[in-house]
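Q: This structure is in structure tokens; I'll ask about it shortly.
The values are calculated or read from the model by the stated rules, or taken from the named source; none is laboratory data. Nothing here was measured: the structure is a model prediction, and the numbers come from that model. Here Cβ is always computed from backbone atoms with ideal geometry, including for glycine, and neighbour counts include all displayed protein chains. Protein only, heavy atoms only, side chains kept; ligands, DNA and RNA dropped before computing areas. Shrake-Rupley method; radii C 1.70, N 1.55, O 1.52, S 1.80 Å.
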Amino acid sequence: MSELPHNREDVETKRVTFDNNELVRSLYGERNNNLRLIEKTLGITINIRGNDLTLQGSLSELEMAENLLNQLYGLLREGYPIYDRDVDYSLRILASNHKAELKPIFLDRVYIPSKKRTITPKSINQKNYIDSIRKYDIVFGIGPAGTGKTYLAMAMAISSLMKKEVNRVVLARPAVEAGEKLGFLPGDLYEKVNPYLRPLYDALHDIMDFESASRFIQTGIIEVAPLAFMRGRTLNDSFVILDEAQNATPEQMKMFLTRLGFSSKTVITGDITQTDLPEGKASGLIQARDILAHIPGIKIVYFGREDVVRHPLVQEIIDAYERIED
């Protein structure tokens, strides 16, 4: 495939052999694209002869490539299909922790009966997030856009509903953009706040088929509402998600957190670098993070750029803005 410079004295060679022709084709990818991605990312060369691979490069990169290929092959043997995005996620995972085991991450499936594709974590932090939601009654997911904070929380909520662990799911979001301008928007209150809840509907319909989601919403089993509608309520036997929580005020955050009833779970997600509150107004998410971190039963999971599962350019955009802010 690609060639290493001839003048390099630190070039080492490793050989990796696999025993199943069909699995090898899946491991290599269409037109060997998976191997090309590994080459490009690690700066090595991979030469193919049937089921035998000869790897050339520096020793540390070769060890990582060998580890990666063997773990991906192990996933294929377990029936997990490998796509180029899985190779990308795996490279990121092993770059952050070269001793990481991929099987416990990728084989941890979130149970959604109506879902055509499997929902699984794609990073160590996403795995930690899912495990935390299973274990704790209140979980905060804090990090940049595209890290799966809301999507995975909603998948866990729908899974809990389907398994009858809860009786309903409540999805809330601050409508800070409405503010004082709400009265100028056309329509009744529902029509005014509905645009601010649209991202929650989009995520819900991506997780469930449209007919099931619509039926649950119409019967109140799934409720999508602005944060202000939570006041005065006690939510028992419920899975409650507050999205974009960085835009909640401290008063709103306290109000929301104290809605938690018996046999319920709450997940709060947000990005503390993207607060849209008026200048000088404190974020309830930042305050909650600072004062609740040491309470048993509450877990805070932090996400970083390595957890971004959107288009690869999203990582570059996050990095670019972080450089300016630093």
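Q: Read phi for every residue in the range 34-39 and hand back ³J(HN,Hα) as whole Hz from Karplus 6.51 cos²θ - 1.76 cosθ + 1.60, θ = phi - 60°, with x for Gly and Pro.
A: With the stated coefficients, the range 34-39 comes to 5, 5, 5, 5, 5, 4 Hz.
Q: Could you give the angle, 0 to 90 degrees to the nearest 10, between helix 59-77's Cα long axis and the longest principal axis of the Cα atoms of the chain?
A: On a 0 to 90 degree scale, this one is about 70.
Q: Next question. Give me the accessible area per residue for the chain, probe 1.4 Å, as a whole number in Å².
A: 53 Å²
Q: Turning to a different aspect of this structure: At 222 nm, what helix-only mean residue ellipticity would the chain give, in deg cm²/dmol to the nearest 500, using -39500 (n - 2.57) for each DSSP H run of four or more?
A: -13000 deg cm²/dmol
Q: Right, here's the next one. For the range 92-141, what is the relative contact order in percent, using Cα pairs closer than 8 Å and at least 6 residues apart in sequence?
A: Worked out over the range 92-141, it gives 27 percent.
Q: Could you list, in their original order, any pairs among 40/127; 103/135; 163/254 whose Cα atoms are separated by more than 22 Å? Could the numbers behind the result be given before it?
A: Working: 40/127 26 Å; 103/135 20 Å; 163/254 30 Å.
Where the Cα-Cα span goes over 22 Å, the pairs concerned are 40/127; 163/254.
Q: Considering only the other residues whose Cβ falls under 10 Å of the Cβ of residue 54, what net charge follows from Lys and Arg at +1 and Asp and Glu at -1?
A: The answer is +2.
Q: Give me the net charge for the shell around residue 167: Cβ to Cβ below 13 angstrom, other residues only, Lys and Arg +1, Asp and Glu -1.
A: Numbers: positive: 163, 164, 168, 265; negative: 165, 223, 237.
The answer is +1.
Q: What's the carbon and sulfur percent of the range 76-178's accessible surface, probe 1.4 angstrom, rounded to a whole number?
A: 47 percent
Q: Please give the length that would be gained between residue 134 and residue 228 if that part of the chain were fully extended, namely 0.36 nm times their separation in residues minus their C-alpha to C-alpha distance (nm, one decimal).
A: Working: separation 94, 0.36 × 94 = 33.84 nm, distance 2.71 nm.
Extra length from residue 134 to residue 228 when fully extended: 31.1 nm.
Q: Same structure again: So what is the diffusion coefficient of the chain in µm² per second by Stokes-Einstein at 25 °C and 0.890 mPa s, using a Kirkwood Rh over Cα pairs?
A: Translational D for this selection: 112 µm²/s.
Q: Per residue and in Å³, how big is the convex hull formed by the alpha-carbon atoms of the range 22-70? Present the calculation step by step, with values, prior to reporting the outcome.
A: On the way: hull volume 3.3 nm³, N = 49.
So the per-residue Cα hull volume is 66 Å³.
Q: Tell me, what is the FRET efficiency for residue 209 and residue 60 to the nearest 0.05, using R0 = 30 angstrom and their Cβ-Cβ distance as r? Mind dumping the intermediate values first?
A: On the way: r = 46 Å, r/R0 = 1.54.
So, using R0 = 30 Å, E works out to roughly 0.05.
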